[in-house]
Amino acid sequence: MTITIRPLLQFDPASFVALVGGYTTAERYRVEAREEDALTEFRLVLEPLPEPEPQLFQFTYHDDELAHYAVLAGGPLALGAYDGEMWVGVAVGERRDWNRTLWLHEFHVAAGHQRQGIGRRLMDALAERARAAGLRALMLETQNTNVPAIRFYRRVGFTLDGLNVAYYTNDDLRPDRTVALFMTRRLE
């Protein structure tokens with residue numbers, strides 16, 4: 001298997017959705033919040049999910065998101081990982097000039113190709129392109145239930161820099177809900 005990382009020149013929504021799929025996990029970071037006048041604090045505690053079997057979380061996409069990714073394809077901050085001609089990984093980023101960052105909309109490696117170093121190579125290539133473009137950091141959003149992704153992002157240099165307890169719904173702090181976590185990889 002020879003994996004190449006190269007610019008994502010075309011974006012086929014159906015192939016993208018098939019590549020992305022979702023993720024399984026048997027654990028999550030439970031988010032606890034306390035807000036008072038003199039102190040506001042959030043705490044994330046790793047815990048097993050209530051069900052004994054790993055749960056599958058599916059990603060869903062709206063047509064406008066897919067159309068936006070198609071526009072970003074062909075730009076310098078959209079990369080694909082390929083096994084021959086087969087698309088096995090994707091990184092779709094968008095430059096944010098106001099704060100000199102790259103917002104990473106999508107980052108995925110196909111299930112059958114994970115844990116082979118492809119994700120690290122893809123992320124490092126994206127970081128190099130961002131640095132060459134004068135950007136200071138990569139930023140992304142993930143979920144408190146996506147523990148495998150959080151672990152991967154930490155291994156490739158990201159830190160957890162924030163969360164939003166109303167990003168998805170007004171009830172994100174309920175135990176059965178998902179909380180948005182924001183991570184950053186500094187390039188400078």
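The values are calculated or read from the model by the stated rules, or taken from the named source; none is laboratory data. Keep in mind that this is a model prediction, so the values were computed, not measured. All Cβ positions, glycine included, derive from the backbone under ideal geometry; neighbour counts span all protein chains shown.
Against the conditions (1) loosely packed, with under 10 Cβ neighbours inside 10 Å; (2) on the phi > 0 side of the Ramachandran plot, where does ARG34 fall short? Just the number, please.
With (1) loosely packed, with under 10 Cβ neighbours inside 10 Å; (2) on the phi > 0 side of the Ramachandran plot applied to ARG34, the lone miss is (2).
Could you check the stretch 128-168 and list, in sequence order, the residues that are aliphatic (A, V, I, L, M), assigned to a loop (DSSP other than H, G, I, E, B) and under 27 Å from THR40 (Cα atoms)?
Selection gives VAL165, ALA166.
Taking the stretch 174-188, which residues are surrounded by 15 or more Cβ atoms within 10 Å (Cβ to Cβ) and at pLDDT below 95?
ARG177, THR178
Go through the stretch 21-57 and give me each residue that's polar (S, T, N, Q) and either within 17 Å of the chain's Cα centre (by Cα) or farther than 30 Å from VAL88 by Cα (or both).
Hits for the stretch 21-57 are THR24, THR25, THR40.
I'd like the full set of residues that are surrounded by 13 or more Cβ atoms within 10 Å (Cβ to Cβ) and of a type in the set (Gly, Ala, Ser), limited to the stretch 134-164.
Selection gives ALA137, ALA149, GLY157.
Of everything in the stretch 65-99, what is surrounded by 17 or more Cβ atoms within 10 Å (Cβ to Cβ), over 15 Å from the mean Cα position of the chain (by Cα) and in a loop (DSSP other than H, G, I, E, B)? Give them in sequence order.
ALA73
Of all residues in the stretch 121-133, which are closer than 23 Å to GLN58 by Cα and either surrounded by fewer than 15 Cβ atoms within 10 Å (Cβ to Cβ) or of a type in the set (Gly, Ala, Ser) (or both)?
none
Conditions: (1) hydroxyl-bearing (Ser, Thr, Tyr); (2) farther than 17 Å from GLN58 by Cα; (3) buried (at least 20 other Cβ atoms within 10 Å of the Cβ). TYR167 meets all but one. Number of the miss?
Checking TYR167 against (1) hydroxyl-bearing (Ser, Thr, Tyr); (2) farther than 17 Å from GLN58 by Cα; (3) buried (at least 20 other Cβ atoms within 10 Å of the Cβ), the one that fails is (3).
Give the residues of the stretch 1-25 that are in a loop (DSSP other than H, G, I, E, B) and either exposed (fewer than 13 other Cβ atoms within 10 Å of the Cβ) or in contact with a helix residue (DSSP H, G or I) (Cβ under 7 Å, 6 or more places away or on another chain) (or both), sorted by residue number.
MET1, THR2, LEU9, GLN10, PHE11, GLY21
Pairs please, first residue from the stretch 13-24 and over 12 Å from HIS108 (Cα atoms), second anywhere and part of a helix (DSSP H, G or I), Cβ atoms under 9 Å, 6+ apart in sequence or on different chains.
PRO13/ASP63; PRO13/LEU66; PRO13/ALA67; PRO13/TYR69; PRO13/ALA70; THR24/PRO148
Would you confirm, using the coordinates I've provided, whether VAL109 is without any contact (Cβ under 8 Å) to a residue 60 or more places away in the chain and surrounded by 14 or more Cβ atoms within 10 Å (Cβ to Cβ)?
When the stated conditions are applied, VAL109 passes them.
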